Amino acid sequence: MIICAPFLCTFVTMIKLAILASANGTNAQAIIEAVRAGRLDADVKVVLTNKEDAGVIERAHKLGVPVEIIPSKGHRNRAEYDALVVEALKKYDVDTIALAGWMRILSEVFVNAYEGRILNLHPALLPSFKGATAIVDAYEHGVRITGCSVHLVTPELDAGPVIIQAGVPVNGTVDELEAQIHRMEHRIFPQALQWFAEGRISTEGHKVIVAPAAGPVKKIDYIEGCLVSPALEEKI
């Protein structure tokens with residue numbers, strides 16, 4: 001198959017995936033479970049975290065996925081730390097990176113090492129509410145709809161081309177909003193990775209183009225009152 005990323009096209013048979021996560025790891029678990037269910041053509045080679053007490057560690061162990069822990073404190077700068085991460089990932093021969101709650105800004109060292117092959121999950125409708133406090137920022141700003149986005153990573157923070165988004169109505173408390181956004185994240189991130197694995201993602205300028213599916217699929221636009229665009233797909 002052909003993976004068409006914004007900067008290169010490469011023939012592969014299955015993406016060799018590293019998941020980077022700093023916290024609880026529910027999105028990492030959703031990705032791994034999608035692989036096991038046959039919904040994602042990937043081999044999850046490693047879960048890497050920068051927190052020794054991150055919940056993702058236990059989740060990955062229970063699912064039988066190798067874990068690398070590289071604490072991010074005590075380094076001179078982001079580039080020095082990212083060089084260590086890249087070196088660790090080389091041991092697993094990964095070719096695609098999923099940032100699933102990776103609470104660090106990537107340096108050019110990392111972005112250049114996997115250029116065009118890094119997908120990030122962000123809990124807002126980009127380009128609005130960038131940064132680590134996106135859910136609270138949107139809630140306090142009083143927006144009526146927020147959500148989550150999966151985008152291709154570029155050197156600029158939360159600025160790469162958007163692959164898929166889910167729009168979430170702002171109802172109830174900020175905790176209820178966060179829970180609903182997380183539920184949508186678990187649906188859209190595996191889908192974006194699958195489109196990437198199928199070689200269906202390309203870009204025109206800053207716009208992502210998702211090519212039509214090769215076979216028949218059921219399209220799902222709405223989940224739990226949330227709009228997803230492009231629509232999720234289930235093979236028929």
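Could you tell me whether the range 45-52 includes any residue that is farther than 16 Å from residue 100 by Cα and modelled with pLDDT of 95 or more?
Taking every residue of the range 45-52 in turn, at least one turns out to be farther than 16 Å from residue 100 by Cα and modelled with pLDDT of 95 or more.
Exactly one of these conditions fails for residue 116: (1) in contact (Cβ under 8 Å) with a residue 40 or more places away in the chain; (2) closer than 12 Å to residue 99 by Cβ. Give me its number.
(2)
Looking at the range 127-236, what strands (runs of 3 or more DSSP E) fall wholly within it and have at least 2 residues that are under 19 Å from the mean Cα position of the chain (by Cα) and surrounded by fewer than 19 Cβ atoms within 10 Å (Cβ to Cβ)?
Because the criterion is at least 2 residues that are under 19 Å from the mean Cα position of the chain (by Cα) and surrounded by fewer than 19 Cβ atoms within 10 Å (Cβ to Cβ), the strands (runs of 3 or more DSSP E) in the range 127-236 that meet it are 201-204, 207-210, 226-235.
What pairs can you find where one residue is in the range 200-215 and in contact (Cβ under 8 Å) with a residue 12 or more places away in the chain and more than 17 Å from residue 232 (Cβ to Cβ), the other is of a type in the set (Phe, Trp, Tyr) and assigned to a loop (DSSP other than H, G, I, E, B), and their Cβ atoms are less than 9 Å apart, with a gap of 6+ or different chains?
Going by the 9 Å Cβ cut-off, the qualifying pairs are 203/7.
List, please: which pairs have Cβ atoms under 6 Å, are six or more places apart or on different chains, and start with a residue in the range 36-51 that is within 13 Å of residue 198 (Cβ to Cβ) and end with one that is β-branched (Val, Ile, Thr)?
Taking only residues 6 or more apart or on different chains, the pairs are 42/15; 42/35.
I'm trying to understand the selection: among the residues of the range 42-90, which are in a strand (DSSP E or B), within 18 Å of the chain's Cα centre (by Cα) and over 11 Å from residue 20 (Cβ atoms)?
42, 43, 44, 45, 67
Applying the selection to the range 82-93, what residues are of a type outside the set (Lys, Arg) and surrounded by fewer than 21 Cβ atoms within 10 Å (Cβ to Cβ)?
Passing the criteria: 83, 84, 86, 87, 88, 92, 93.
Given the conditions (1) surrounded by fewer than 20 Cβ atoms within 10 Å (Cβ to Cβ); (2) in a loop (DSSP other than H, G, I, E, B); (3) without any contact (Cβ under 8 Å) to a residue 60 or more places away in the chain; (4) not aromatic (Phe, Trp, Tyr), which single one is not true for residue 106?
All conditions are met except number (1).
Restricting attention to the range 164-196, report how many residues are under 19 Å from residue 154 (Cα atoms) and of a type outside the set (Phe, Trp, Tyr).
Number of matching residues: 4.
Where residues in the range 11-38 are in a loop (DSSP other than H, G, I, E, B) and at pLDDT 95 or above, which of them is farthest from residue 182 (Cα to Cα)?
The selected residue is 38.
Taking the conditions exactly as written (modelled with pLDDT under 95, in contact with a Leu (Cβ under 9 Å, 6 or more places away or on another chain) and not aromatic (Phe, Trp, Tyr)), does residue 190 satisfy them or not?
no
The values are calculated or read from the model by the stated rules, or taken from the named source; none is laboratory data. Only a predicted model underlies this, so the values are computations on that prediction, with no experimental measurement involved. For neighbour counting, all protein chains shown are included, and Cβ atoms are generated from backbone atoms with ideal geometry for every residue, glycine included.
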